[in-house]
């Protein structure tokens, strides 16, 4: 079941200009993350939402720093200024919807809204067990009881790279948000 | 070439339409956008999932309208419990005043805006700019028309009437350096220029696609990321919410969001769907410190309990624009209103209490395509016919809504819906109404008897054989009606004559 969902997710995400990887076991996923982060960062800093539960659980920041990358974390005094020059932002997701190729990125302490928005590239880590068929199902899981205490102050559903068709209706990618989106599906 | 707003207002609808039809750039752009988006909308409609979704979406919208004031009260309580300040604006004057007061209190010098039809409806930008606040539209299409000082020409693609060379010209003037006719370069310029605005702005202003009453969640649908920028970086966020945007439940978003995005552009979901539940929380690094929601009435509540209530179901998808044979030829500017196409033709006279857009319901062939395509089942064609009648009937057709408790009516907002306000260019010809009444009356009497019918049909056939078509087309009463229509000429023999002849042949 999870395999079919992941395959559908990958297909739909590719159709809107993003790239999906996996499902991969944790170690392989982290290795891939290092490779992708290095490529996308293009010499700039790698911004990491260390407060994100998935990112924290997988020990992403330590792994990247260990690989010699310039890691920027939200507790950095110059986070906001340095983020503007970062090459890639890394977050986790609380859910993924296969039908629309979407990941749901929540904000919180140590997980700013801007990580998946300001840098020109975004890499998102999502656990395969949190992937469902569509938005309706995902919303139901996120909020079994209507109690907004469970909802973060900002939850954004991201379906591929930023785009606009305002110029003569031809698609241009990477308008305000990231032009490059990679989603790594991690087993578990 | 497109019309600046001031020029458009001084021309009649017919003149604006003629200009639009003669504008080849516009015609190409309209053909492209309505074909592209229209095809997506049609595909979306026939998908089996969408059939069920449309039914459920229609039900949810009507559930809200059955008790709109109740839902608004519940929503306000929930928003306030999250630390959001809620304001109620009876009309445009009050809405402008509220946002201006917030801006002054916060010391705002620069505001960034995500695309919001509601803020255009109340002419918010002009009010802020008059107070010395710089307002920057950040949706690429809206940014383009802001620089060009124009109105949107399509609800989803507001700058569709602009060619790439025209945009290059605009951006070159703004940049102070030459920019090429290249989409990537132009987008890169916009990204860089607007990014500096996002980072410096004290206030972000948005509309709201939906707001859920059970969780107090504000939902914004964008593709570019500007909506996210406006609601993440500045220290204040103001969301202007037309009252009908409230949804009962967070779970309803699972039905409504794909319904909106698939019908509007064919996308399963727009690139970004932001769900905002309160301002920045302790320990967070970004997000607005203060969040305000402004409920905007502007004559919407006065439609409740009338047949026009249906119009409040609208989710602003633009599908009706894409299929309308009139919109597809004349484009948004010819309507000279914030909302165009069939939905604009209904909404503009209603929201303005009959003082604006009185001739817009006439800009319709009543083909009914809009009613068919509407994802929430608004009977747009019926509303257009009803408006045509109501706009010609003296006296208030729609009584004003009771003001919110503890609230005063906005003195600037039009009250009710007078049927006989002056200034209707299409009826400017003296005696036109009387002539029509006489003509149709005589015709009705003639055709009330079989003998009269046969006589007039025989006369028409004889005339058709003898007089050239050009002459018939220029006959006084026929002439106005014949402009823009093919006048079919009567066949030499009537159907009955042909049938009789066949029967004689033993058929």
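The numbers here are math on the coordinates, done by the rules we state, and not lab data. Since the model is a prediction, treat every value here as computed from it, not as a measurement. Ideal geometry is used to build each Cβ from the backbone, glycine not excepted, and the neighbour counts take in all protein chains shown.
Per residue, what volume in Å³ does the convex hull of the Cα atoms of segment B:1-117 enclose? Please list the in-between numbers first.
Working: hull volume 26.5 nm³, N = 117.
Residue-normalised Cα hull volume stands at 226 Å³.
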Compute the long axis of helix B:13-22 from its Cα atoms, compare it with the longest principal axis of the Cα atoms of chain B, and write down the angle in degrees, 0 to 90, nearest 10. 90 degrees
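Please express the shape of segment B:62-301 as an equivalent ellipsoid: the semi-axes are the square roots of 5 times the eigenvalues of the C-alpha gyration tensor, given largest first in whole angstrom. Before the final figure, lay out the partial values.
On the way: eigenvalues 174, 83, 59 Å².
In descending order the semi-axes read 29, 20, 17 Å.
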Between A:142, A:58, A:127, where does the largest GNM mean-square fluctuation fall for chain A, given springs only between Cα atoms within less than 10 Å? A:142
Projected-area average for segment A:2-186 over all orientations - Cα convex hull basis, square nanometres: 10.7 nm²
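Can you give the calculated 222 nm mean residue ellipticity of chain B, where each DSSP H run of n ≥ 4 adds -39,500 (n - 2.57) and the sum is split over every residue, rounded to the nearest 500 deg cm²/dmol?
-14500 deg cm²/dmol
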Along the three principal axes, how long is segment B:131-235 when you take its alpha carbons, biggest first, rounded to the nearest angstrom? 50, 29, 29
Suppose a student asked you for the relative contact order of chain A, using Cα pairs under 8 Å spaced at least 6 residues apart; what percent would you report? 29 percent
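Please arrange B:378, B:60 by counting, for each residue, the other beta carbons lying within 10 Å of its beta carbon, fewest first.
Details: B:378 23, B:60 19.
By the 10 Å Cβ count, ascending: B:60, B:378.
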Convex hull volume of segment B:234-310 per residue (C-alpha atoms, cubic angstrom): 146 Å³
Would you please calculate the Kirkwood hydrodynamic radius of the protein assembly as shown over all C-alpha pairs and express it in Å, rounded to one decimal? 27.3 Å
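Relative contact order of segment B:1-160, please, whole-number percent, based on alpha carbon pairs below 8 angstrom and at least 6 residues apart. Spell out each step's value before the answer.
Details: 99 pairs, mean separation 31.3, N = 160.
Relative contact order comes out at 20 percent.
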As I understand it, the value is the acute angle between the Cα axis of helix B:432-446 and the longest principal axis of the Cα atoms of chain B; what does it come to in degrees, rounded to 10? 50 degrees
Rounded tilt (10° steps) of B:68-81 against the dominant C-alpha axis of chain B: 20 degrees
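So for B:81, A:49, fewest C-beta neighbours within 10 Å to most, what's the order? Present the calculation step by step, with values, prior to reporting the outcome.
On the way: B:81 11, A:49 30.
Least crowded to most crowded, the residues run B:81, A:49.
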P(r) for chain B: what percent of alpha-carbon pairs falls in each 10 Å bin, starting at zero? 4, 17, 27, 25, 14, 7, 5, 2, 0, 0
When only alpha-carbon atoms count, how far does segment B:74-139 stretch along each of its three principal axes, as whole angstroms with the largest first? 34, 25, 24
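Out of the DSSP beta bridges found with both residues in chain A, what percent are antiparallel (nearest 5)?
Values: 10 of 32 bridges.
Of the beta bridges lying entirely in chain A, close to 30 percent run antiparallel.
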Taking every Cα atom in segment B:49-158, find the radius of gyration and the maximum pairwise distance Dmax, and write them in Å. 17.4, 50
Which whole-number percentage describes the relative contact order of segment B:237-383, with Cα contacts under 8 Å and a sequence gap of 6 or more? 23 percent
Using alpha carbon positions and the Kirkwood radius, the Rg to Rh ratio of segment B:6-63 is 1.24
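As a check on your grasp of the helix formula, calculate [θ] at 222 nm for chain A: sum -39500 (n - 2.57) over DSSP H runs of n ≥ 4, divide by the residue count, round to the nearest 500.
Working: 6 runs with 56 residues, N = 188.
Mean residue ellipticity, 222 nm, calculated: -8500 deg cm²/dmol.
Sort B:230, B:313, B:374, B:367 so the one with the fewest other Cβ atoms within 10 Å of its own Cβ comes first. Before the final figure, lay out each step's value.
Working: B:230 33, B:313 19, B:374 26, B:367 13.
Placing the least packed residue first, the sequence is B:367, B:313, B:374, B:230.
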